Structure formats: C-alpha cells, structure tokens
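Structure first, then comments.
Just so you know, all these numbers are worked out from the coordinates, no wet-lab data involved. Being a predicted model, the structure only gives us computed values, none of them experimental. In this analysis, Cβ positions are derived from the backbone assuming ideal geometry, glycine residues included, and neighbour counts consider all displayed protein chains.
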C-alpha cells in the first residue's frame, strides 16, 4: 500500500466517524437542540470532510461540502434562520455527503446531478431567497476547484 | 528543526508528519489550540503550522494566546486552512499569524515556506 493509499484509508476512517457524529448532531438539532456548540460542531465536521476531500481531488465532494458548509456558516452567524425546513435540508445534505464519500471510497461515479437540488437550495438561502426552490436542478459546476495533494511533485510523498 | 502541527484532522496531521519528517524535521502534534498551547509550555519549537477551524480552541484564539504569552513573540506561525476569505486572512494576521497557506497543500511549497519564515 502506498503512502497516498494509507492517507486515503485514514481519511475514510475519519469520514465514517464524522458522518456518524453528524447524524447524532442533526438528530439532536431536529429534536430542538440548536445551540451554538452544536452548530459549530456540525460546521467543523463538514469542514474537515471537505478539507481531506480537497487533498485527494474528490471535486464533487468538495463542491457539495463547500456549499453545505457555507449554509452552515450562515446559519451559525444568524444570517439564515434554522427553520424546520433548513434542518430537513441539512439532514438530506448529510446523506448526500455520505453518498459522495462512499462513491469516492469505492471509485464509483455518482450521477452528475446528485445533490444539485439541495446545493441550489443552499445557494438560494445564502442569497437570502426564501422561496422554496427545491425543484431546481442542473446548477452550474462547483465554484471551488479541488486541486489534489500532488504526491508526484515531491519524492517525499510517493 | 522542530515543527508543531495543530489540526483536528488525523488525515491532515498524517500528511503533514509524512511531509515534514521526510524533509528532515522533527514533528510534534496537537489536535486543537489548547493542546498546542500545552505543547508550547513544555517544548521548544522552531515553527508552528495551525489550522483555523478546530474544537476546544480554534486557530485564531490559539495564535492570540501564543502571542500574548510573551515567550513566543518571534515564533513563526503558519496558518494552514481551506479558508480563503479576506476576512479570515485579516483575522489571522491581526492575531499574529506569520503566513497563510491554503489547503490542500503542496509538500514542496510547504517546505519552502517553512524555510523562508525560519531563516
């Protein structure tokens, strides 16, 4: 197993733990526990998943996690209200992050539109649009390009 | 040379350790800012690499505490993060950060930046 494979194995183990934690956090949030500590914890978990995904060039995961993280940042800053609709959206988004992680681990591509509806809703909420736009699909590509950790550029990382 | 890496991601810590050890550095690790402060109380380090978004104590607070201690005014502290906003960069600079590196990091560039801030 190469160093890069070792790092990926560590990353996927870490993702499993973070996704389990996110499920518990969102379950509590759904039950009405919506304090700052909980919101910060879910933000950090998605942020960590995104950070590692960027290192390995999992661009679909990076793009979706970035949009999700941005919404969570707006929620914790109070710029977007944490309504029941937003909680339900976040729970769906959590499942989609898990789908992206599983696809990256297995090396199986997802449908190009996977998560597009939710991502469009994140973007709309962050723009301050309250109308339900959940029917939107086919949003443009990720605005944050993932550049993989270039193990090939350094003899120390092969 | 001894480097303290502070990040709550095991993946990033492992990648940093690999990169730094292969470049001949000794590596100390911490998983949040508070652990980082504890390390600095007992160990001499030449440079710190820290994430921003961490539990218990985030990277900005960590840097503020380090600078406030009076013992590490000139210690180079590099911020390694996926954050790209100017607001966060300004916060990092105001807190006392020496430099800013965006994840995912390129190993060669990271080593080059470390050598630049240390010498």
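A Förster distance of 25 Å, applied to the separation of the beta-carbon atoms of residue B:73 and residue B:26, puts the FRET efficiency at 0.65.
Peptide B:95-106 has a mean of 3 when you count, residue by residue, the C-beta atoms of other protein chains within 10 Å of its C-beta. On the beta carbon distance between residue A:129 and residue A:40, with R0 = 30 Å, the FRET formula returns roughly 0.75. Entry note, chain B: relative contact order of 23 percent, from Cα contacts under 8 Å with a spacing of 6+ residues.
Ordered from longest to shortest, the equivalent ellipsoid semi-axes for region A:67-133 are 24, 12, 9 Å, each the square root of 5 times a Cα gyration tensor eigenvalue. Remark: mean inter-chain Cβ contacts per residue of A:4-12 equal 3, using a 10 Å Cβ-Cβ cutoff to other protein chain atoms. Entry for the protein assembly as shown at q = 0.14, 0.15 Å⁻¹: log10 I(q)/I(0) = -1.01, -1.14, Debye formula applied to identical alpha-carbon scatterers, no solvent contribution. Report note on the peptides A:94-100, A:111-117: ranked by the mean count of other C-beta atoms within 10 Å, highest first, their order is A:94-100, A:111-117. Between residue B:87 and residue A:92, the FRET efficiency estimated from the beta carbon spacing at R0 = 30 angstrom works out to 0.55. Rounded if a/c is under 1.5, else prolate if a/b beats b/c, else oblate: with a ≥ b ≥ c from the C-alpha gyration tensor eigenvalues square-rooted, which is chain B? Rounded is the answer for chain B, as its axis ratio a/c remains below 1.5.
Per residue of peptide A:49-56, the mean number of Cβ atoms on other chains within 10 Å of the residue Cβ is 5. Averaging Cα coordinates gives a centre for region A:1-70 and one for region B:96-119; these two points are 25 Å apart.
Ordering A:48, A:59 by the number of other Cβ atoms within 10 Å of each residue's own Cβ, fewest first, gives A:59, A:48.
When you count, for each residue, the other Cβ atoms within 10 Å and take the mean per peptide, how do A:7-18, A:63-74 rank with the highest first?
Per-residue mean Cβ counts within 10 Å order the peptides as A:63-74, A:7-18.
Rg of the Cα atoms in region A:1-130, relative to 2.2 N^0.38 Å, amounts to 1.04.
Can you pull the Rg over Rh of region B:50-119, Cα-only, Kirkwood?
0.96
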